[in-house]
Amino acid sequence: MISSLVVWIVGDSIKGKEQTQKVRLYPRPVRISEDGGPPRYPVKEVLAKLRAFIFRGDGVECPCCGKTFSHFLFSPYYTARCPFCLSMERYRLLCKFLRDETDFGKREMRLLEVGPDWSFQEFCRDFEKVEYTSADLFSPLAMERIDIRNMDFESSSFDFIICYHVLEHIDDDMKALRELHRVLKPDGQAIIQVPIQVPQTVERDELGKKEQEEILKWPDHLRAYGPDFRERLENSGFDVRVIPFGKKFSPEEIERFGLSSEEDIYFCTKREAEAAKLP
Ligand SMILES: [Zn+2]
């Protein structure tokens, strides 16, 4: 049942270490909150159908929305977007992984997405057994306005957590990881990922100005992670499997599904005994 209609027309801030570095003005999406499910965005949905019609075809296939198109869209973020759900490469890889390699959606699960993405929200809507909640401090898509470093959720609340490319924006990422561990149920699963850009994780402050531009690229990235990101996850109490899922596909499949072959899946489960030792 439609309970409220919210129109957001003000801008958003880019928050970095200094907080409020600059203000970026763009229209907020028209949002209809629904009881018992994620919000709907009627304007986004109409535009999605229009784009899907324009780019109709069978050249590529989106694992998130399941539709086929003539080709993916180029975006200013150097990613190829699905014409319908606007998924990026890493979300298409995630959705394919969840569909092909896990029991996602086949059992009742309460899922938290931190830093929500519309394509993934809509992917979850297709699974009746998935109770989707999204949280973020700034994203206009978030259902709950929450600081990941201090979340207003009970401990052991969620069966599944998705946290994609969020931690590089958080000053105290270890605090955020401990919170993710806290709100995950003991038998829960989490996929927590960041861009892996350097051999060893380095903070923005430790880089010169030129390196900051070359490596970090985005002004709101506070650090560049290396493969030692795994140790941060483990030190937060997770058992971690790094799965090179994107590398199992042929070049033709990578092209067809528009996948990122470089991004591994960081599949985490909760390690209770170790977590108890955390400060
Ligand atoms: Zn799609």
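Taking only the Cα atoms of the range 172-239, the radius of gyration and Dmax are 13.6, 44 Å.
Straight-line reach from residue 247: taking Cα to Cα under 19 Å and skipping same-chain neighbours fewer than 8 places apart, the aspartates and glutamates in range are 61, 89, 100, 101, 255, 262, 263, 264. Legend: residue pairs 185/209; 44/217; 106/270; 175/209; 96/270; 49/129, Cα-Cα distance threshold 30 Å; pairs beyond threshold, 185/209.
Of the residues 209, 67, 96, which exhibits the maximal mean-square fluctuation in a Gaussian network model of the chain defined by a 10 Å Cα contact cut-off? Highest fluctuation among the options: 209. Think of the range 88-275 as a dipole: +1 on every Lys or Arg Cβ, -1 on every Asp or Glu Cβ, centred on the Cα centre; then among 212, 157, 174, 157 lies furthest on the positive end. Quote the Stokes-Einstein diffusion coefficient, in whole µm² s⁻¹, for the chain, based on the Kirkwood radius over alpha carbon pairs, a temperature of 25 °C and a viscosity of 0.890 mPa s. It comes out at roughly 124 µm²/s. Springs join every pair of Cα atoms under 10 Å in this Gaussian network model of the chain, and among 128, 154, 144 the largest mean-square fluctuation is at 154.
Residues considered: 107, 51, 92. Largest GNM mean-square fluctuation over the chain, using C-alpha springs under 10 Å, is found at 107. Contact order, relative form, for the chain: 15 percent (alpha carbon pairs under 8 Å, 6 or more residues apart, mean separation divided by residue count). Set the Förster distance to 41 Å, then compute FRET efficiency between residue 228 and residue 32 from the Cβ-Cβ distance, nearest 0.05. Step by step, r from the Cβ atoms, then E = 0.45. For the chain, taking a cut-off of 4.7 Å between Cβ atoms, the unpaired cysteines are 124, 163, 268. Under 20 Å from a label point set 7 Å out along the Cα-to-Cβ vector of residue 102, the amide N atoms of the range 223-237 belong to 229-237. Mind listing P(r) for the range 71-225? All alpha-carbon pairs, 10 Å bins, whole percents. Calculated over all Cα pairs of the range 71-225, the distribution is 10, 36, 36, 16, 2 percent. Panel order for 181, 165, 71, 221, by other beta carbons found within 10 Å of each beta carbon, from fewest to most: 71, 165, 221, 181.
Computed from the coordinates by the stated procedures, all read-outs in this text should not be read as laboratory data. Because the structure is a prediction, the values reported are computed rather than measured. Note: ideal-geometry Cβ built from the backbone for every residue, glycine included; neighbour counts use all protein chains shown.
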